[in-house]
Amino acid sequence: MKAAEFLREIESALEIGEGSLPEGAALADLDFWDSMAALTFITLADEKLGLNVPGDRIAGCGTVGDLLSLLGDRVTP
């Protein structure tokens, strides 16, 4: 799956506008990024990519790009 497609899946699940999750965005600057958004990320990584992403790994991310890096080769540019 392409990274942009995965981000659109998250945006849809969070009911936020398309393009609201640019890769360079700092998570701390996103009003909607909270524990429920992180749980959504974990759920979609599992459902769409078959990948188990631990919450503590998400907590260590500073940007949207950092989140995508947790998905490894399951997403492509």
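Across segment 39-77, the qualifying residues are those that are β-branched (Val, Ile, Thr) and in contact (Cβ under 8 Å) with a residue 60 or more places away in the chain, and the one among them that is farthest from residue 12 (Cα to Cα) is 76.
Name every residue in segment 1-13 that is without any contact (Cβ under 8 Å) to a residue 60 or more places away in the chain, hydrophobic (A, V, I, L, M, F, W, C) and farther than 19 Å from residue 62 by Cβ, in order of residue number. 4, 13 - these are the residues of segment 1-13 that are without any contact (Cβ under 8 Å) to a residue 60 or more places away in the chain, hydrophobic (A, V, I, L, M, F, W, C) and farther than 19 Å from residue 62 by Cβ. Please work out if residue 32 is open to solvent by less than 80 Å² (accessible area, probe 1.4 Å) and in a helix (DSSP H, G or I). Considered against the rule, which asks whether it is open to solvent by less than 80 Å² (accessible area, probe 1.4 Å) and in a helix (DSSP H, G or I), residue 32 comes out as no. Among the residues of segment 19-29, the one identified as free of Cβ contacts under 8 Å to residues at least 12 places away in the same chain and assigned to a helix (DSSP H, G or I) is 29.
Rundown of residues vs (1) within 18 Å of residue 66 (Cβ to Cβ); (2) surrounded by 15 or more Cβ atoms within 10 Å (Cβ to Cβ); (3) touching a Pro at 6+ places or on another chain (Cβ under 9 Å), yes/no style:
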{"position": "3", "(1), (2), (3)": "yes, yes, yes"}
{"position": "6", "(1), (2), (3)": "yes, yes, no"}
{"position": "10", "(1), (2), (3)": "yes, yes, no"}
{"position": "16", "(1), (2), (3)": "no, yes, no"}
{"position": "19", "(1), (2), (3)": "no, no, no"}
{"position": "24", "(1), (2), (3)": "yes, no, no"}
{"position": "28", "(1), (2), (3)": "yes, no, no"}
{"position": "38", "(1), (2), (3)": "yes, yes, no"}
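Filtered by the rule that a residue be part of a loop (DSSP other than H, G, I, E, B) and open to solvent by less than 20 Å² (accessible area, probe 1.4 Å), segment 62-74 gives a lone residue, 71.
The values are calculated or read from the model by the stated rules, or taken from the named source; none is laboratory data. In this text, all values refer to a predicted model and were calculated from it rather than measured experimentally. Heads up, the Cβs are rebuilt from the backbone with ideal geometry, glycines too, and the neighbour counts pull from every protein chain shown. We work out accessible area using only protein heavy atoms, side chains counted, and drop any ligands, DNA or RNA first. Shrake-Rupley method; radii C 1.70, N 1.55, O 1.52, S 1.80 Å.
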